[in-house]
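Below is one structure, written out as C-alpha cells, with a few remarks after it.
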C-alpha cells in the first residue's frame, strides 16, 4: 500500500493531483498495480476559498470552517 498524503493537490480543497508533479496519475496507479502495490490518496477535510469545491463543500458542511469551529469549539485535550 502506497499512501499519497499531504499536498498532492495544487490548491487545498481541489482534491485532484497537481499535474506539475503528477502528470499521469492513471498510468502511475496502473504501473504500481503491476508491481502488486495498491494506491490510496488521503483527502483532507479542508478547503480554500479559491478551490473548485469550496462553495459546495461549505454549503453542504462537508468541511470544517473557521465559522463552525468558532460556534462549536473543539474540546481541549491535555497530554500528560
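The values are calculated or read from the model by the stated rules, or taken from the named source; none is laboratory data. Source: prediction; values computed, not measured. Methodologically, a virtual Cβ is constructed for each residue, glycine included, from the backbone with ideal geometry; neighbour enumeration extends over all protein chains shown.
Could you look through region 22-40, keep only residues that are assigned to a loop (DSSP other than H, G, I, E, B) and loosely packed, with under 11 Cβ neighbours inside 10 Å, and pick out the one that is modelled with the lowest pLDDT?
23
Count, please, the residues in region 52-62 that happen to be in a loop (DSSP other than H, G, I, E, B) and exposed (fewer than 10 other Cβ atoms within 10 Å of the Cβ).
Summing the residues that are in a loop (DSSP other than H, G, I, E, B) and exposed (fewer than 10 other Cβ atoms within 10 Å of the Cβ) in region 52-62 gives 2.
Considering only region 72-80, I want to know if a residue exists there that is modelled with pLDDT under 80, surrounded by 10 or more Cβ atoms within 10 Å (Cβ to Cβ) and not in a helix (DSSP H, G or I).
No, region 72-80 contains no residue that is modelled with pLDDT under 80, surrounded by 10 or more Cβ atoms within 10 Å (Cβ to Cβ) and not in a helix (DSSP H, G or I).
Go through region 6-21 residue by residue and tally those that are within 14 Å of the chain's Cα centre (by Cα) and surrounded by fewer than 10 Cβ atoms within 10 Å (Cβ to Cβ).
1
Does region 41-51 hold any residues that are assigned to a loop (DSSP other than H, G, I, E, B) and in contact with a strand residue (DSSP E or B) (Cβ under 6 Å, 6 or more places away or on another chain), and which are they?
Residues satisfying the conditions do not exist here.
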